[in-house]
Amino acid sequence: MSALKSNDAVVAMHWFRKGLRLHDNAGLLYALSLAKGNNDANKVGKFYPVYIVDPNCYQLLKCSVNRAKFLLECVQDLHSSLKVRGSRLYVVTGDPVEVLPKLWSEWGVTNMTYDADETGEPYSVERDGAVQKVAMQMGVEMMAFQTETLRPLGNVPGGYVANLGGLASNAPSTMSSFQQLLSRIDRGNIPVPLAAPKKADFPQHSNVDDDEKYLPLEHPWDIPWPRGYKRNEIGPVWDRKDCLNASLRPIVPGGETIALQRLEQVVTARPDWTASFEKPKTSCTEVSSPSTTVLSPYLSLGCISPRTVWHAVADATKRASSKTNRSKPPVSLHGQILWRDFNNLMAHSANAQNPGSWGRMEGNPYCRSVPWSSDPKLLAAWKGGRTGYPWIDACMAQLRSEGWIHHLGRHAVACFLTRGDLWQSWEAGADHFEGELLDADYAINNFNWLWLSCSGFFYQYFRCYSPIAFQKKNDPNGNYIRKWVPELANLPAKYIYEPWTANISILNAAGVKLDKNYPRPIVDHAIVSKENMNKMSLAYDMHKDQQAGGNGASSIKSDGSPPKKKPKTQTKLK
DNA sequence: TAAGAGTTGTAACC
DNA sequence: GGTTACAACTCTTA
């Protein structure tokens, strides 16, 4: 595409949204090359790297204190890294659709690069569409770069959909068929990440100023709420005091610099560990140092690029001892990055078929209809870690405190909320996770909720996690519970997973007062899990009927009653 | 059309 | 600690 509109020097802007990094950032490099005038001294222009704190953005509206802290740290780190290179970050607050045109006029911007959102996330689609419209009117040339997945998702050269005949609805819906698709694109080779720009790559003597008006925000309470926002109505409920609450400690600090250090420490420096990594075998009982990489928060905001992680894992694996067993996708570390691309492709495909459907049950081509209940009390108990099942409550406490839970803990609480126990919609769970998780990601979060609730991609609903047995097997002494549910810390190991089975003298000795400082179970897992399996079975039968060409009517008798289907686990109900 | 595979279940048995 | 029944899902492939 033509970059220059006239003989004038270019004024280039790079709009950081996700992709909060300097390394492997094609859009940033392209903007810099434009501003440098292809090294023609007469054509050296200006370069403005910009981040917009957008209070309307879903990231801020659903955002927990932890996530706001993490985001601001990422932005601050970007500013520092740019300053080292003789530049700076311009941080502006407001709606991008209003803010960008002002900056374009003020600075005379001719070109703007940004990282594309290919998943079709509704807020991004709406925002970017509106910005593009204004840019067109103002003659600002916008250029999007696909850099947040190993390969572009869409119908562009090297993209997944381009290798599916250009039809997103042809996207593979299983991990193995996804891996085959990837292996057909350039024989499965993953492009090498681009280096971060050096000081010499920035146009010098241009526009570096210390205008305090554009400094990064320091504290989460500096973020203004959108106009008309009413506390407690929607989104986060926090103020300055909440932000200073010492119990809220993100599991990792934000920023590209720390992300790259962490990659070095956990992957590069541990070749044997990296080569033999198997996700299902990692521990969800750790109370001090996590058993996985905890790179996901950085990937979700693009502090580190997936290609960078991919190649670091490949290099470390090459250096591993010959005696070390090499794990393979989907359980290996490469597998984890592949899952990420697969999930992104599914989001892209769902939204290409029906815009905005990926985060919902209704109209989502990958989601089965399940008649979930809606009980605010059960949902609140789950969110607040007051279900009466210590392992579930411990996970929810860690989520609230650190913005992170081990993958298997997420499985446990997601299964519990949906098909396992509470029979609440996965949408409600996904919504809560999106606000609380540091690594909240539209594609991946919704994919996993579809999976765990057996609404899509995973269908073995008879495999159900027990909120007691699963973790008892991993952590017999209940150390994880003792840390995150301190009310139960003094219970003997025998009762730590089921405090209601202890007699009153044992409870008294441990300082546990059921219904007072710790709740009794809100449901009986042994009973509801069986009932729920029968409900899932009926929902699946309805789905089959619809697949067969009907509208599910054959499952409903003329009097409106459900079919007399023999419950498959009837014999176990007693 | 049937067989096989599917990142990570549970409980009972030896 | 390994094996098996539980009651049986869907999607892909041959």
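Tabulated results
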quantity	calculated
DSSP beta bridges in chain A [antiparallel fraction, %, rounded to 5]	0 percent
Mean-position separation - Cα centroids, segment A:8-61 and segment A:345-378, in angstrom	35 Å
Segment A:1-147: Rg to Rh, with Rh as the Kirkwood radius over Cα pairs	0.96
Per residue accessible area in Å² of segment A:356-574, where ligands, DNA and RNA are left out and the probe is 1.4 Å	45 Å²
Farthest toward positive dipole pole in segment A:293-394 [+1 Lys/Arg, -1 Asp/Glu at C-beta], among A:Thr387, A:Pro376, A:Ser322	A:Ser322
Accessible area per residue in Å² at 1.4 Å probe, computed on segment A:1-147	36 Å²
Rg/Rg_globular for segment A:144-200, with Rg_globular taken as 2.2 N^0.38 Å and Rg from C-alpha atoms	1.31
Rule-of-thumb Rg ratio for segment A:5-78 [Cα; 2.2 N^0.38 Å; N residues]	1.39
Positive-end extreme of charge dipole, chain A - chosen from A:Leu514, A:Tyr366, A:Ser453 (charges on Cβ)	A:Leu514
Estimated dipole of segment A:1-147 in Debye, rounded to 20 [Cβ of Lys and Arg +1, of Asp and Glu -1, Cα centre]	420 debye
Qualifying trypsin sites (Lys or Arg not before Pro) in segment A:166-200, DSSP loop, other Cβ atoms within 10 Å at most 12	A:Lys198
Inter-part distance where segment A:182-204 and segment A:405-430 are each reduced to a Cα centre, Å	38 Å
Cβ-placed point charges (K, R +1; D, E -1), dipole of chain A about Cα centre in debye, nearest 20	2040 debye
Mean Cα-pair separation over length for chain A, i.e. relative contact order, pairs under 8 Å, 6 or more apart, %	15 percent
Karplus-derived HN-Hα couplings along segment A:163-177 (A = 6.51, B = -1.76, C = 1.60, θ = phi - 60°), whole Hz, x at Gly and Pro	8, 10, x, x, 10, 5, 5, 7, 4, x, 10, 10, 4, 5, 6
Tail weight of P(r) past 20 Å, computed on alpha-carbon pairs of segment A:416-551, percent	60 percent
Charge dipole (chain A, unit charges on Cβ, about Cα centre) - positive-most of A:Gln424, A:Leu150, A:Leu217	A:Gln424
Inter-centroid distance (Cα atoms) of segment A:80-128 relative to segment A:233-291, Å	28 Å
Per-selection Kirkwood Rh - chain A (Cα, Å, 1 d.p.)	25.7 Å
Cleavage-rule hits, chymotrypsin sites (Phe, Trp or Tyr not before Pro), segment A:402-491, DSSP coil, Cβ neighbours within 10 Å at most 15	A:Phe458, A:Tyr459, A:Phe462
Efficiency of FRET from Cβ geometry, A:Ala162 and A:Arg249, R₀ 45 Å, rounded to 0.05	0.55
In segment A:453-501, trypsin sites (Lys or Arg not before Pro) in a DSSP loop with at most 16 other beta-carbon atoms within 10 Å	A:Arg463
Cα pair count fraction exceeding 17 Å, expressed as % - segment A:415-461	27 percent
Backbone N within segment A:271-289 under 17 Å of label point (7 Å from A:Ser322 Cα along the Cβ vector)	A:272
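The values are calculated or read from the model by the stated rules, or taken from the named source; none is laboratory data. These numbers come from a predicted model, not from an experiment. Heads up, the Cβs are rebuilt from the backbone with ideal geometry, glycines too, and the neighbour counts pull from every protein chain shown. Just so you know, the surface numbers come from the protein's heavy atoms only, side chains and all, with ligands and any DNA or RNA stripped out. Shrake-Rupley method; radii C 1.70, N 1.55, O 1.52, S 1.80 Å.
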